[in-house]
Amino acid sequence: MVAINLIDYPRWPSLARESILNVPADIRNVRVNIDGRVIDYSGEVDSVVITGMGGSGVVGDIASDLCWFWDCKVPIIVSKNMRLPRRLSKPLVIAISYSGNTAETIMSANEALSRGYPIIGVTTGGKLSTVLSNKGVPVVLVPKASAPRYGLPSLLYPTLIILERFGIASVANELESGISGMERALKAIDEAERLAGELLNAIPIIWVSESRRGVGIRFKNDLNENAKYFAIVSIIPEGAHNDIAAVTTKQVGLRHIAIMGPNDYEGRYLETLLDVVSSFVAKPLVVKLEGSTPLESEMYGVTFLGITTLVLAHLLNVEPISTLPIDRLKEELDKRKLFPV
Ligand code: PA5
């Protein structure tokens, strides 16, 4: 096969390392005064809301996955909406938008400010950076990539450092292992080529457990955005109570693929589900997440599966970077002034 253009993937290890340098060391000492109301970043928090969309929002899913393995001190709430969840008590809000111009994320950030919550922006710039910096709110400016999803480590790694600084999770010892996971996946191109070949001319049904939801969602999103390929992700155990009934009929063109991590709590459950699926239709493909730490296997998974979608795009002769319908929607939302941002 001709060499695949890996876009920004070869830079992922360095993006991860560079981006964490931009998290302010004194972030817990910040005090923001909004119209006489002081938001104090040194206080205790009882939840973390990670708000963002698409390639930025998946950072929340990944952090939430990791908290199934790590001893995270408070729940992580993943929010992919223009509003924040109601009835939060003492949250820390992390607003992530690669471009800084995503209306939903800017609106959520504004809502956090008006509710008096400590908030931190993670972005390359844009309106989010301007809105927050103008109010003295900390913004972590991260390095650019060819499109939001290719900058994943620049958005994820600072978020992990923020969790560490707020005493939510102890991440420092694992960061390098996450980078090893990326590096290992960058060497598994032959395997990615094999997997992409198996997915050709089929609708992938991605089975993944709750504790690896982020890897499954990211794979589906990368199939959608890089290869412009339709796919379904079914999260178990819930998907074993509904999706399974529909996707085990002998419909042509479905390809089952399961993502399994080492030590996943739901591992035996997923194996059982795959045996049942195999008794109805062709045996599912299995992608094993390799790694000695939760972050390593998670990063191996998102990197390896992302590269697989670039190979698929190549096989389909599809241009991977641009996502015109997403751009058009953003323009229309802007034109129709649906969101006051
Ligand atoms: O990866 C992509 O290009 C998209 O999924 C974007 O991440 C999404 O549209 C949100 O944009 P942004 O990440 O700039 O907030």
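The values are calculated or read from the model by the stated rules, or taken from the named source; none is laboratory data. Remember, predicted model here, so these are calculated numbers, not experimental data. Glycine also receives a Cβ, built like all others from the backbone with ideal geometry; neighbour counts cover every protein chain displayed. Areas reflect the complete protein model, heavy atoms only, side chains present, ligands, DNA and RNA absent. Shrake-Rupley method; radii C 1.70, N 1.55, O 1.52, S 1.80 Å.
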Legend entry - Under 18 Å from the Asp327 label point (7 Å along Cα→beta-carbon), backbone N, region 83-107: 98-103
Inset, instruction - Would you mind checking the tilt of helix 54-66 against the longest principal axis of the Cα atoms of the chain, expressed as 0 to 90 degrees and rounded to 10? - result: 80
Inset, instruction - Can you send over the solvent-accessible area of Lys127, 1.4 Å probe, protein chains only, in Å² to the nearest 10? - result: 80
Inset, instruction - For helix 189-199, report the angle its Cα long axis makes with the longest principal axis of the Cα atoms of the chain; keep it between 0 and 90° and round to the nearest 10°. - result: 70
Inset, instruction - Grab the other residues whose beta carbon is less than 14 angstrom from that of Arg11, score K and R as +1, D and E as -1, and report the net. - result: 0
Inset, instruction - Keeping every protein chain in place, order Ile235, Ile321 by accessible area at 1.4 Å, biggest value first, i.e. largest first. - result: Ile321, Ile235
Inset, instruction - Compute the long axis of helix 213-226 from its Cα atoms, compare it with the longest principal axis of the Cα atoms of the chain, and write down the angle in degrees, 0 to 90, nearest 10. - result: 80
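Express in % the proportion of alpha carbon pairs of region 106-252 at distances exceeding 27 Å. Walk me through the numbers before you get to the answer.
Details: 4455 of 10731 pairs.
Tail of the P(r) past 27 Å holds 42 percent of the pairs.
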Inset, instruction - Per residue, how big is the convex hull around the C-alpha atoms of region 13-136? Give it to me in cubic angstrom, could you? - result: 113
Inset, instruction - Report, to the nearest whole %, how much of the accessible area of the chain belongs to carbon and sulfur atoms, 1.4 Å probe, protein only. - result: 53
Legend entry - Entries in Lys80/Lys135; Lys187/Lys330; Lys144/Lys288; Lys80/Lys127 that, when Cα-Cα distance is taken, lie over 26 Å: Lys187/Lys330; Lys144/Lys288
Legend entry - Solvent accessible area, Å² - Met82, 1.4 Å probe, full protein context: 70
Legend entry - Charge context of Ile307, other residues only, Cβ under 10 angstrom, K/R +1, D/E -1: -3
Legend entry - Relative contact order computed over region 60-106 (Cα-Cα under 8 Å; 6+ residues apart), in percent: 34
Inset, instruction - Run a plain Debye calculation on the chain (Cα atoms as equal point scatterers, no solvent) and give log10 I(q)/I(0) at q = 0.10 Å⁻¹, rounded to two decimals, same order as the q list. - result: -0.59
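Taking only protein heavy atoms and a 1.4 Å probe, what accessible area per residue, in Å², does region 278-341 have with all protein chains in place?
Values: 3440 Å² over 64 residues.
Per-residue accessible area for region 278-341 comes out at 54 Å².
So, for region 66-202, what is the accessible surface per residue at a probe of 1.4 Å, expressed in square angstrom?
Details: 5340 Å² over 137 residues.
Counting only protein heavy atoms, the per-residue value for region 66-202 is 39 Å².
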Legend entry - Rounded Å value of the spacing that divides the Cα centres of region 259-283 and region 45-109: 29
Legend entry - For Leu254, residues with placed amide H under 5 Å, excluding near neighbours: Ile203
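Under a Cβ-Cβ cut-off of 13 Å, what is the net charge of the residues other than Ser170 that fall near it, where Lys and Arg count +1 and Asp and Glu count -1? Walk me through the numbers before you get to the answer.
Values: positive: Lys73, Arg165; negative: Asp71, Glu164, Glu174.
Here the count lands on -1.
Take the alpha carbon gyration tensor of region 177-315, find the square roots of its eigenvalues, order them as a ≥ b ≥ c, and report rounded if a/c is under 1.5; if not, report prolate when a/b exceeds b/c, else oblate. Could you put the intermediate results ahead of the total?
On the way: a/c = 1.93, a/b = 1.19, b/c = 1.62.
Taking the square roots of the gyration eigenvalues as a ≥ b ≥ c, region 177-315 is oblate.
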Legend entry - For Ile4, solvent-accessible area (1.4 Å; no DNA, RNA or ligand), Å²: 30
